[in-house]
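Please read the structure below before turning to the comments.
The values are calculated or read from the model by the stated rules, or taken from the named source; none is laboratory data. Owing to the predicted nature of the structure, the values given are computational and were not obtained by experimental measurement. Here the Cβ positions follow ideal geometry from the backbone for every residue, glycine too, while neighbour counts run over all protein chains shown. SASA here: full protein model, heavy atoms, side chains in, ligands and nucleic acids out. Shrake-Rupley method; radii C 1.70, N 1.55, O 1.52, S 1.80 Å.
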Amino acid sequence: MTVSASTRTVRIGSRKSQLALVQTHWVQGELQKNFPDITFEVETMSTQGDKILDVALSKIGDKGLFTKELELGMLQNKTDLAVHSLKDLPTNLPEGLMLGCVTERENPADALVVHEKFKDKQLETLPEGAVIGTSSLRRLAQLRYHYPHLEFKDVRGNLNTRLAKLDAGEYDALILAYAGLYRLEMSDRIHQVIPPEVSLHAVGQGALGIECRQGDSEIFDLLKSLEHTPTAQRCYAERAFLRELEGGCQVPIGVDTQLEGEQLTLTGLVASLDGKKLVKDVVIGAAVDAENIGIELAKKLREQGAQEILDEILAEIDRS
């Protein structure tokens, strides 16, 4: 452990991207405020997902694209915890690591960002053949289902890179996470918040997941000061749903969770890549039973053909 009575230093692992650092520095600041006698330092690393920018994420075929290097840092005792966008964190973690806490969620919705020439358009009024940039199979499948007249093109790179490509005219619009734009103070670029009726969001989208070593009770106790129970309950249901379906972050699985009092409503879907097949259902239950709600929903969708859709997608990815 790097936390000791003499040094009292906690090392936080982070990706090097602008968004990752904004999120990590927020966590660092909150921990420093809550525990002023401890020093919190940030250690940055590049992940596989940051390095491979010329290949679609779905074709790399790795569920830990943005987390493995950070996890290795903890397992080698170089860092004590790691800050992730929860949507990037696989539902099955390496032996010896655990999800220490989930922070309060920003709006988890997807957002439309348009080129200047389409500033008077919404997603539903974009002309036939308009080119939409997205690196997410989940977004691609749902948008193809609702708007088959649009064209879709893969886009990689950090947020600034993607927006620069949009402004240069390589795309007519982009679909991005509302939370990322908000955290980078780019809310003015959001043209339309896409409703869940059109695009269910990714599992964990909008929340931060902080990972730590199992059995590291001191770090775990520090992280509990950042836990937001309503968000955690929603995300535990979503992650259990994804885990039960054995889907990676690049499979078209979408969710929406609503929490009213002690009642949690989880909506989930699985869609084919061409948008022609889509199964969707809802499970309602007690929020304290979040994981079982996710498991129940996954089983319901399997009965409706979700597994066949997922098997077809994985076979197609393997072929490509």
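Restricting to the stretch 259-279, what's the tally of residues that are touching a Gly at 6+ places or on another chain (Cβ under 9 Å), within 23 Å of Ala207 (Cα to Cα) and open to solvent by 80 Å² or more (accessible area, probe 1.4 Å)?
If we filter the stretch 259-279 for residues that are touching a Gly at 6+ places or on another chain (Cβ under 9 Å), which is where we start, we get 263-271, 277, 279.
Filter once more, keeping what is within 23 Å of Ala207 (Cα to Cα): 263-270.
Now narrow it down to the ones that are open to solvent by 80 Å² or more (accessible area, probe 1.4 Å): 263.
Here the count works out to 1.
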_Tally, over the stretch 288-298, of residues that are open to solvent by less than 50 Å² (accessible area, probe 1.4 Å) and either closer than 25 Å to Arg144 by Cα or out of contact with any helix residue (DSSP H, G or I) (no Cβ under 6 Å at 6 or more places or on another chain) (or both)_ = 2
*Residue check: is Leu301 in contact with an Asp or Glu (Cβ under 8 Å, 6 or more places away or on another chain), within 29 Å of Glu104 (Cβ to Cβ), open to solvent by less than 10 Å² (accessible area, probe 1.4 Å) and assigned to a strand (DSSP E or B)?*
no
*Within the stretch 27-47, track down each residue that is surrounded by fewer than 16 Cβ atoms within 10 Å (Cβ to Cβ) and touching a residue at least 60 places away in the same chain (Cβ under 8 Å).*
Glu30, Asn34, Phe35, Ile38
*Where His146 falls short, out of the listed (1) open to solvent by less than 50 Å² (accessible area, probe 1.4 Å); (2) within 20 Å of Val251 (Cβ to Cβ)*: (1)
*Taking Arg183 and the conditions (1) surrounded by fewer than 18 Cβ atoms within 10 Å (Cβ to Cβ); (2) under 17 Å from the mean Cα position of the chain (by Cα); (3) not aliphatic (A, V, I, L, M), which numbered condition does it fall short on, given that it satisfies the others?*
(1)
*Inside the stretch 78-116, can you point out the residues that are at pLDDT 95 or above, within 17 Å of Thr24 (Cα to Cα) and of a type in the set (A, V, I, L, M, F, W, C)?*
Leu81, Ala82, Val83, Leu86, Leu99, Cys101, Val102
*Would you be able to say whether some residue in the stretch 128-140 is over 19 Å from Ile190 (Cα atoms), open to solvent by 60 Å² or more (accessible area, probe 1.4 Å), acidic (Asp, Glu) and part of a strand (DSSP E or B)?*
no
*asked:* Testing Glu244 on (1) in contact with a strand residue (DSSP E or B) (Cβ under 7 Å, 6 or more places away or on another chain); (2) buried (at least 17 other Cβ atoms within 10 Å of the Cβ), one condition comes back false. Which one is that?
replied: (1)
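For the stretch 212-257, which positions are assigned to a strand (DSSP E or B) and within 17 Å of the chain's Cα centre (by Cα)?
Taking the stretch 212-257 and keeping what is assigned to a strand (DSSP E or B), we get 212-213, 253-257.
Hits for the stretch 212-257 are Ile253, Gly254, Val255, Asp256, Thr257.
Quick check, is Arg234 in contact with a strand residue (DSSP E or B) (Cβ under 7 Å, 6 or more places away or on another chain) and on the phi < 0 side of the Ramachandran plot?
On the way: in contact with a strand residue (DSSP E or B) (Cβ under 7 Å, 6 or more places away or on another chain): yes; on the phi < 0 side of the Ramachandran plot: yes.
Yes, satisfied.
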*Provide a single number: the residues in the stretch 10-36 that are at pLDDT below 95 and charged (D, E, K, R).*
2
*Single unsatisfied condition, Gly285 versus (1) open to solvent by 10 Å² or more (accessible area, probe 1.4 Å); (2) within 20 Å of Lys87 (Cβ to Cβ); (3) touching a Leu at 6+ places or on another chain (Cβ under 7 Å)*: (2)
*Which condition number in (1) open to solvent by 10 Å² or more (accessible area, probe 1.4 Å); (2) in contact (Cβ under 8 Å) with a residue 60 or more places away in the chain; (3) touching a helix residue (DSSP H, G or I) at 6+ places or on another chain (Cβ under 6 Å) is the one that Asp256 fails?*
(3)
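Restricting attention to the stretch 258-290, report how many residues are over 20 Å from Leu89 (Cα atoms) and part of a strand (DSSP E or B). Lay out the reasoning, then the answer.
Of the stretch 258-290, the ones over 20 Å from Leu89 (Cα atoms) are 258-265, 267, 271-289.
From what is left, the residues that are part of a strand (DSSP E or B) are 258-260, 263-265, 267, 271, 278-286.
Looking only at that region, the number is 17.
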